[in-house]
Every structure is written in structure tokens, then in C-alpha cells.
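What follows is calculated from the coordinates using simple rules that are stated; it is not laboratory data. Predicted model, so just to flag it, every value in this text is computed and none were measured. Backbone-built Cβ (ideal geometry, glycine too); neighbour counts: all protein chains shown.
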Amino acid sequence: MPRRSTATVFRPGRRSWLRGATAAAMAAGMLQLRSALAAGSLPPGVAQIKGDVRINGKPAERGQRVVQGDVIVTGSNGELVFVTERDAFLVRANSRIEFGSAAARGAATVLRVLTGALLSVFESGARREIHTTTATIGIRGTGIYIEIEAQRTYACTCYGEAVLTPVDDPAAAETVRTKRHDQPRYIYGKGMPQMMEAAPVVNHTDAELQMLEALVGRKVPFEPGTYQGREK
């Protein structure tokens with residue numbers, strides 16, 4: 001049977017406090033980023049750093065370019081927002097993200113998400129791929145949230161189109177087309193009774209997607225609201 005999530009469950013009081021603190025920090029960060037964008041002073045590179053974030057083993061710096069071959073690691077209090085060309089990314093805490101060799105696979109961007117979580121918005125056009133231990137995800141312009149668990153990958157195609165392929169059963173691949181968090185999936189590894197199943201919407205928000213799209217001069221393709229995926 002599929003494993004249950006082992007994420008920590010907070011008591012109601014602490015959950016409310018954490019949500020309030022997170023919302024306040026996010027609002028301050030978004031204001032700073034939007035102000036920089038409006039002033040035309042936000043080039044591709046690292047836009048925001050919170051806590052312990054390292055690129056290739058060294059502390060990340062504001063404005064630093066993230067390029068092919070780079071390895072991003074965030075600590076338990078770390079978070080990173082960065083832009084590459086016309087794509088934007090939010091790396092959660094306790095993550096390890098690797099930029100692989102794109103030329104060998106014919107994709108414009110190849111990312112390997114080994115641990116943690118990544119929220120991304122991609123420009124339409126050139127093919128991108130996200131790899132995890134249990135899934136390969138092909139993208140041609142979309143917003144997508146990826147979160148890694150011990151035996152499965154969580155993938156929410158927030159809007160746009162993505163091809164979700166289980167590493168251990170490529171024949172079970174599914175093309176997902178969504179307008180607003182319509183078809184989240186769990187993608188499992190070998191030995192599970194099924195390779196993919198429907199999942200809830202968790203741990204990412206419309207506000208975060210709006211912020212990322214604004215960094216590259218775009219808007220989300222739906223009416224902005226206050227939608228927020230629940231915590232696991």
C-alpha cells in the first residue's frame with residue numbers, strides 16, 4: 001500500500017503562528033522583489049535568499065547567476081528565489097537541486113530534484129525536464145510544484161501541460177493539462193501496486209506563483225485569488 005506522509009503535524013496554535021509568520025515574510029519578500037522588478041533592476045540570477053543557501057558549496061549571493069552544472073543546497077531554514085533566462089524558481093528548505101547537461105538530452109533546461117521541493121514557472125517554447133528518483137517530467141511552458149518523499153514524487157502541474165513518466169514504468173506515462181492545480185499526482189517507484197495516483201493540492205500557493213511570474217514579466221493564466229494548498 002502507498003505510504004502515508006510522515007511530515008510533522010503541528011498543533012493548531014503553532015500552525016496558525018507559523019502560517020502568520022510565513023505570510024508576513026512572504027509579503028515582505030514579494031514587495032522587495034516587485035519593487036526591484038518595477039525599477040528594472042532585477043536581472044537574471046539570485047533574487048532572494050533566506051537562511052542557509054549554498055551554490056556549489058559556497059554561500060549564495062544576491063544577483064549570482066545560476067547556470068548549467070550548478071548544485072543548489074538549502075538548509076533547514078533556507079529558501080532561494082532565482083531567475084534563469086525566462087524561467088523562475090523557488091527552492092524550499094532541505095533541498096538539493098542539480099542543473100544537468102541539457103545538450104545531451106535535447107532539452108533547454110534539465111533539473112534534478114534530489115531532496116526537498118521546487119516551485120517553478122517556465123516560458124512556453126523550448127522543452128524542459130525535471131528528474132527525480134521516481135519520475136521524469138517533461139515541460140513546455142507551465143507552472144509546476146515538485147516535492148520529494150522517500151518512495152514517491154509529488155507533482156502538481158499548477159497550469160499548463162506536463163508529461164509525467166514513472167522511471168520504473170515509462171508505459172504508464174500521463175500527459176496532464178490543467179488550468180489551476182487541477183490534477184496533482186503522486187508518482188511511485190518500483191514495487192508499488194500502482195505507478196501514479198491522484199493527490200491533493202499541498203504546500204504551494206497562488207501568491208508564490210504570481211511572484212515568480214512577475215519576476216519574468218508575466219502573469220498567472222487565471223484570475224488571481226487567495227488559493228493556498230493545505231499543509232500535509
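Quick notes on this structure:
- Per residue convex hull volume, Cα atoms of the range 43-215, in Å³: 108
- Calculated from backbone phi, Karplus (6.51, -1.76, 1.60) coupling profile of the range 202-208 in Hz, x at Gly/Pro: 9, 6, 8, 10, 4, 4, 5
- Arg177 versus Arg218: modelled label distance in nm, points set 7 Å from Cα along the beta carbon direction: 1.7
- Amide H within-cut-off set for Thr136, under 5 Å, with H built and near neighbours excluded: Thr165, Val167
- Remark: relative contact order (the range 65-187) = 16 percent; criterion is Cα-Cα distance under 8 angstrom and separation of 6 or more residues.
- Electrostatic bookkeeping for Phe222 treats Lys and Arg as +1 and Asp and Glu as -1; over the other residues with beta carbon under 13 Å from its beta carbon, the sum is 0.
- Computed about the Cα centre, the dipole magnitude for the range 43-215 is approximately 260 debye when only Lys and Arg (+1) and Asp and Glu (-1) carry charge, each at its Cβ.
- Counting charges near Val67 (Lys, Arg +1; Asp, Glu -1) among other residues having Cβ under 13 Å from its Cβ returns a value of -3.
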